[in-house]
Every structure is written in structure tokens, then in C-alpha cells.
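Here is the structure we will look at, set down as C-alpha cells.
The values are calculated or read from the model by the stated rules, or taken from the named source; none is laboratory data. None of these values were measured; they are calculated from a predicted model. Because the Cβ atoms are built from the backbone with ideal geometry, glycine has one as well, and the counts that use them run over all protein chains shown.
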Amino acid sequence: MLRIPTITGLTFVLALPLGAQEAADAVAPEAATSLEAKAAGSPVRADNWMVAAANPLAVQAGARVLRDGGSAADAMVAVQAVLGLVEPQSSGLGGGAFLVWYDAASGQVTTLDGRETAPLAVTPTLFQDENGEPLKFFDAVVGGLSVGTPGTPALMEAAHQRWGKSDWASLFTEATELAENGFTVSPRLAGLVENDAERLSTFPATSAYFLPGGTPIAEGDTLVNKAYAETLRIIASDGAAAFYDGPIADGIVQTVQNAEGNPGVLAQQDLSIYAIKERAPVCITYRAHDVCGMGPPSSGALTVGQILGMLESYDLAALGAENPESWRLIGDASRLAFADRGRYMADSDFVPMPTQGLVDPDYLSNRAALLGGDDALPEVSAGSPAFDHALLFADDISLELPSTSHISIVDAQGNALSMTTTIENGFGSRLMAPGGFLLNNELTDFSFRTHTDGVPIANRVEPGKRPRSSMSPTIVMQDGAPVMVVGSPGGSRIIGYVAKTIIAHLDWGMDVQAAVAMPHLVNRFGTYDVEEGTSAEALAEPLTTLGYEVNARALTSGLHAIAIGADGLEGGADPRREGIAIGE
Ligand code: GLY
């Protein structure tokens, strides 16, 4: 067990992932040292560069690149290539990602959208049965129907082309060797395979890899993925174009279209026309900082921004981290933000969105006034942000289960990268492409219904559209320079995890490791989730008295954060998962 003192001395207790120490010991001393810092509740400190991500092997690959003088974009490519092998359930070549970049030379923040797209052949009723009723979630997830055009390979290349310094092919060395010679299965991967064995056994290629001979791979096994090694060699030599056209692409299309029982419509044309999109970053002001992140099709920066924007006028620092009043304010600000998210947020290339109106300070100040009472808001509904289109949308609540992975990097030049990367559900669609990677089920992030009572839902399925995301890769800036890089997996709870970590660091003065580890209290649609087995449960009774329905449950974030200060860099890795931070 890991004991984390809070600023007021109250102790939060968290379980360190079983076997994580052994996993780190097995790879290298720097990983073990980093894990020791995490277990002690201390950030990893460094002067020059830092990388934090979900698996020690991936972090070490990124550290090697940074140590050799590579940029944060170079290191990301190496980290992502290894994550797709050692944490295949969360992200990989078959998925999509959003990237926020701070450029030290220009002082600019840029966001790149590598989200999956809906195939051109989809219809609005993709996830409905013959009576127009939504499919059961996992009936939609497992198989080809849910697979969107992957964006991650194109995003890796786009980031490298813009900001890379290292030789592209060299960035795949660790991942290729690990795939060719085998890597040690981590406790987390083994546990998740065992839990998901029934679904993973649906398709022969997936079953053969994760359940060889019908038995789930176990912690400590050496797992070889020669197909993935070959895919990486091709991409290293020919670039991402070789992923979107040729044998790798053909393998993806065949796998999707021939998925037994649940074929999809992804076609070569969808892969050929896939493009990364640069989007305007969404930034809001909070406690004299600019909190910048990914705009539509992610709801991340807008919803985190709305929560923080509403809280700006309340003195959370004075109230403190253990005060139910702080959590009433945070919880109801979240509920109000989620109401707007459900109504207005989607892919703005397809639906008009009041993007500016949603984070307009006057609008947020009016919404914040709703928090002025003493008890939980009895009712919450979407507001009326300034909108330059007369269009009415119906509310959408899509089911988004915890998944995904987050990478935070600062390089020696002072560039900062925050990237959240996903194949959506754990193990995605459960379809394994012949190239040795899992295919996403990102399309189930769309609303399964298209309309409510005749009113269209903004996040409905449309050809070529990108499903709404909750991913919230964030860079917090002060006076034009980055001071914090943060993000997390966790489905739509990502938003709460990221907002809480920023509040813990800026309002409650916690270092990034304490802020990341601090027990979660998350409210999205009304029910207050408190992290079970932690001292957050002590807040259950006061929150119930305030009028909330409280639910104690596991809240498995995977936060990775880096703080950048006058004394250097501090890295934090979520004790709920196997990740680490390494810096020098
Ligand atoms: N599929 C997770 C997300 O995009 O939020």
C-alpha cells in the first residue's frame, strides 16, 4: 500500500499495482528508481528533460531519445511505438490521439487532431437494430462495426515532421526489438486479458495472441509479436503512408469487413483520405494561468475549461482539499459543464458549435452564480451560450468506458508535449489486424441515437465525422511559458481527473505526484463517484447530506504530469497504474 500525505496531513491510501515493482526492476535501474519515488509519494526531479507514460519500457524508450538530444516529438514516437506493444489494450497504431504542443522557440501552443474518422459508408443508424433501437454497448463494440479510420500513425509522423530532430527510423528501435525478441507481460496486461478472455476469444487472431492454446497470457510471460515488429520496420522505412496504403492497410480493411458476426464498412478509401487536422487550441484563464488543450472533436478542453472557469470565483485554496464545500462546488461545476457537453459538443466540422460561447467568461460567470447555494443543485440542464447559429440540439449521453493512455514529455529545449492516445475500450474492437495491432472501437463514442423527439443529437454518426472525445491533453501556461503538462485515460471521467489534478496543484499547492495520486471524487451526470479504499470515502457522508447520490468505486485514472518550475522539472506518475516518470 502507498501512503500519501496531503497538505493538511490527512493520509490517502492507495494500492500500488501488484507486481509493478518487479516489472520495473526487470527493465532497468532508472525505472526502479522512478518507481521508488512514486511509491514514496515523491515526484521525480530533473533539470533538463522528463518523460512520463504508462509503462516503464515505453518511458525508457522515450528517455533514450531525449538523452540522445531528441525532441519531445521524437520521444513521443518512441513511447507510442512501445506502448502499442506492451500496453496494447489502451492505445496503438490502430487507434487515434490528440496532441498539444508548446514550442519553446516560438512560444506557440499548437493542437493536432489525430482522431479516428467514421468510414464514408456509415449510415446514421450504424448502432441501431432493425427497430431503430440502440444496440447493446458490447454488441456494437466487438467486431468491425465500431472501427474508425486510425489516426495515430499519421499523428506520429506529423509531429515528427513538424518538431522532430532525430532520424525517424531510429525511433522504432526499442519497439521493434521488443516485439521481435519478446517483452515481459506486465501484471496489469495479464489481469486485463484474464478479465476479458471471453471477448478476446471471439476472433481467432486475437485469441491466438492473447490466449495461446486457450490460456490467457500470464504476468511474467515473454510475449513475442513478430507481425508488429514487421509493421514497425515498414513504417520506419517507408513512413506512415505505408500504413494507409499497401499490405498493412489491406489487412486492416479485410479484418474489419470480414469480422465474423459483426462486419464493418471501413474501406481503403477511408484510409487513403485520412488526414491529421491542426485545430485552434482552447485556452481558459484560471488563477492567472492559461489552461490550454484540445478543442472539438474533443470535449476535453472545453469541459475542463468550463469547470475551472466556473470555479474561478470561488476560493478553493481557502476552503481546502478535505472540505465538502470544495467538492460541492467542483461537483456541481462538473455537472453544469457536462450538461453543456451533452448538448453542444461534437465534431465542429460537421455540426455548428458555440465553441467560444461555451468558455466565454461572462457566460461562465453566470453559470457559476448557480453554485451560490449551500446544497447540491437539485436539477442541472444545459445553458444558453452565445451561439452564431440558430440550431437546437437534443442531449446526448454516450457510454464511454475507462480506457486510453497519456504521455507527458518536456525536452531539453523546453518544448512540451501532452498527448492522450486510445483505441477506446480496453482491447478496442477486439479485432487484431494482420500487422499485429488491435483495431479501435472509437465509433462507439458517437451517440447510438440520432435524434430525441425529432431533435437531432450533435454527436450522431455521420460519414467522415470524428466521434466526440473526452480526452484532455493539457498544458498549463503562466506568462507565456508552460508550468504543467497533464492528462489521463478514463473515458468521460478523464475530464474530472484532469480538472482535479490542476486544482490540487494550483489551488492546494500539491506537487505533481501528490496531485496525481490524490484520491478522486468525480461527478459527471449527478452521481458522485468517490474512490473506494481511500480517504475520499470520508467525504461520502457529508456529500450525501448535501443531496448527492454517492457511489464508492474504483477510479482507475492513469494521470501523468510534469511540473516545470524555477527549480527544474518534477514528474508524477499515477500510482493506480504501472507508469513511471524518468528525467535527467
Ligand atoms: N475513447 C475515449 C475518448 O476519446 O474519450
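Structure above, values below:
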| quantity | calculated |
| --- | --- |
| Some residue of the stretch 159-168 being over 28 Å from residue 414 (Cα atoms), out of contact with any strand residue (DSSP E or B) (no Cβ under 8 Å at 6 or more places or on another chain) and among the basic types (Lys, Arg) | no |
| Neighbours by Cβ (under 7 Å, 6+ apart or cross-chain): first from the stretch 345-364, closer than 21 Å to residue 115 by Cα; second among the acidic types (Asp, Glu) | 350/462 |
| Residues of the stretch 409-438 classified as within 23 Å of residue 473 (Cα to Cα) and buried (at least 24 other Cβ atoms within 10 Å of the Cβ), total | 16 |
| Boolean, residue 146 is touching a residue at least 12 places away in the same chain (Cβ under 8 Å), among the small types (Gly, Ala, Ser), out of contact with any strand residue (DSSP E or B) (no Cβ under 9 Å at 6 or more places or on another chain) and within 16 Å of the ligand (Cβ to nearest atom) | yes |
| Members of the stretch 278-332 that are among the aromatic types (Phe, Trp, Tyr) and within 21 Å of residue 543 (Cβ to Cβ) | 314, 327 |
| Entirely in the stretch 158-208, the helices (runs of 4 or more DSSP H) that have 3 or more residues that are within 24 Å of residue 70 (Cα to Cα) | 173-181 |
| The stretch 79-121 - residue that is in contact with a strand residue (DSSP E or B) (Cβ under 9 Å, 6 or more places away or on another chain) and in a helix (DSSP H, G or I) and, of those, surrounded by the most Cβ atoms within 10 Å (Cβ to Cβ) | 79 |
| Test result for residue 45, out of contact with any strand residue (DSSP E or B) (no Cβ under 9 Å at 6 or more places or on another chain), in contact (Cβ under 8 Å) with a residue 24 or more places away in the chain and either farther than 27 Å from residue 227 by Cβ or aromatic (Phe, Trp, Tyr) (or both) | no |
| Meets criteria (farther than 29 Å from residue 309 by Cα and of a type in the set (Phe, Trp, Tyr)) for residue 446 | no |
| Selection from the stretch 213-252 of residues that are of a type in the set (Val, Ile, Thr) and in contact with a strand residue (DSSP E or B) (Cβ under 8 Å, 6 or more places away or on another chain) | 217, 222 |
| Selected residue (only one of 558, 565 is at pLDDT 95 or above, buried (at least 20 other Cβ atoms within 10 Å of the Cβ) and out of contact with any helix residue (DSSP H, G or I) (no Cβ under 8 Å at 6 or more places or on another chain)) | 558 |
| Qualifying residue in the stretch 136-154 (condition: surrounded by fewer than 17 Cβ atoms within 10 Å (Cβ to Cβ) and under 26 Å from residue 276 (Cα atoms)) | no |
| Hits in the stretch 363-388 (condition: assigned to a loop (DSSP other than H, G, I, E, B), surrounded by fewer than 19 Cβ atoms within 10 Å (Cβ to Cβ) and not hydrophobic (A, V, I, L, M, F, W, C)) | 373, 374, 375, 378, 379, 381, 384, 388 |
| Test: residue in the stretch 349-361 that is modelled with pLDDT under 95, surrounded by 15 or more Cβ atoms within 10 Å (Cβ to Cβ) and among the hydrophobic types (A, V, I, L, M, F, W, C) | yes |
| Qualifying residue in the stretch 291-308 (condition: of a type in the set (A, V, I, L, M), at pLDDT 95 or above and either at positive phi or surrounded by fewer than 24 Cβ atoms within 10 Å (Cβ to Cβ) (or both)) | no |
| Single condition residue 468 does not satisfy, out of (1) under 14 Å from the mean Cα position of the chain (by Cα); (2) of a type in the set (D, E, K, R); (3) surrounded by fewer than 24 Cβ atoms within 10 Å (Cβ to Cβ) | (3) |
| Residue in the stretch 422-433 that is farthest from the ligand (Cβ to nearest atom), counting only those that are closer than 30 Å to residue 562 by Cβ and touching a Leu at 6+ places or on another chain (Cβ under 7 Å) | 427 |
| From the options 513, 478, residue that is in contact with a Ser or Thr (Cβ under 7 Å, 6 or more places away or on another chain) and at pLDDT 95 or above | 513 |
| Subset of the stretch 211-246 that is free of Cβ contacts under 8 Å to residues at least 60 places away in the same chain and assigned to a helix (DSSP H, G or I) - its residue that is nearest to residue 87 (Cα to Cα) | 212 |
| So residue 343, is it assigned to a helix (DSSP H, G or I) and out of contact with any helix residue (DSSP H, G or I) (no Cβ under 6 Å at 6 or more places or on another chain) | yes |
| Residues of the stretch 471-501 satisfying the condition of being surrounded by fewer than 24 Cβ atoms within 10 Å (Cβ to Cβ) and either over 27 Å from residue 446 (Cβ atoms) or touching a helix residue (DSSP H, G or I) at 6+ places or on another chain (Cβ under 8 Å) (or both) | 477, 478, 479, 480, 481, 483 |
| Condition met for residue 458 (at negative phi, more than 10 Å from the chain's Cα centre (by Cα) and modelled with pLDDT of 95 or more) | no |
| Hits in the stretch 511-528 (condition: of a type in the set (A, V, I, L, M) and surrounded by 24 or more Cβ atoms within 10 Å (Cβ to Cβ)) | 512, 515, 516, 517, 518, 521, 522 |
| Pairs where the first residue, in the stretch 155-181, is under 17 Å from residue 86 (Cβ atoms) and the second is among the acidic types (Asp, Glu), C-beta under 8 Å, 6+ apart | 171/74 |
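Here is a yes/no grid of residues against (1) within 14 Å of the ligand (Cβ to nearest atom); (2) among the aliphatic types (A, V, I, L, M); (3) within 30 Å of residue 232 (Cβ to Cβ); (4) touching a residue at least 24 places away in the same chain (Cβ under 8 Å):
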{"residue": "437", "(1), (2), (3), (4)": "no, no, yes, yes"}
{"residue": "440", "(1), (2), (3), (4)": "yes, no, yes, yes"}
{"residue": "446", "(1), (2), (3), (4)": "yes, no, no, yes"}
{"residue": "451", "(1), (2), (3), (4)": "no, no, no, yes"}
{"residue": "459", "(1), (2), (3), (4)": "yes, no, no, yes"}
{"residue": "462", "(1), (2), (3), (4)": "no, no, no, yes"}
{"residue": "468", "(1), (2), (3), (4)": "yes, no, no, yes"}
{"residue": "475", "(1), (2), (3), (4)": "no, yes, yes, yes"}
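Here is a yes/no grid of residues against (1) within 20 Å of residue 439 (Cα to Cα); (2) crowded, with 21+ Cβ neighbours inside 10 Å:
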position: 165; (1), (2): no, no
position: 175; (1), (2): yes, yes
position: 178; (1), (2): no, yes
position: 194; (1), (2): yes, no
position: 213; (1), (2): no, no
